[in-house]
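The values are calculated or read from the model by the stated rules, or taken from the named source; none is laboratory data. Predicted model only: the values in this text are computed from it and were never measured. With ideal geometry, Cβ positions are generated from the backbone for all residues, glycine too; neighbour counts draw on all protein chains shown.
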């Protein structure tokens, strides 16, 4: 993955409690993805999606999304990515 400092700076305010250098190396962690999907602006989301790829976000939704996102957010992102209900188990 190719990350530029400017890319990280656009999402940095969502991670006020983490070191920016640490954030750069953990962009695909479930915690980071969940926080972006829950709290990020559309611009932050689009920048993040370019950094990690939509397949990474879809995989997160299929494996951890139900547990780590609010129901409202999880349902929104399932619709956004046109994911079916087969993985939606509690």
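Quick look at the numbers
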item: Boolean, residue 8 is surrounded by 14 or more Cβ atoms within 10 Å (Cβ to Cβ) and closer than 30 Å to residue 84 by Cα; result: no
item: Every residue from segment 22-32 that is assigned to a helix (DSSP H, G or I) and either without any contact (Cβ under 8 Å) to a residue 12 or more places away in the chain or touching a strand residue (DSSP E or B) at 6+ places or on another chain (Cβ under 8 Å) (or both); result: 22
item: Flag for residue 46 being at positive phi and out of contact with any helix residue (DSSP H, G or I) (no Cβ under 8 Å at 6 or more places or on another chain); result: no
item: Segment 33-48, residues that are in a helix (DSSP H, G or I) and surrounded by 15 or more Cβ atoms within 10 Å (Cβ to Cβ); result: 33, 34, 35, 36, 37, 38, 44, 45, 47, 48
item: Yes/no for residue 13 being modelled with pLDDT under 90 and part of a helix (DSSP H, G or I); result: no
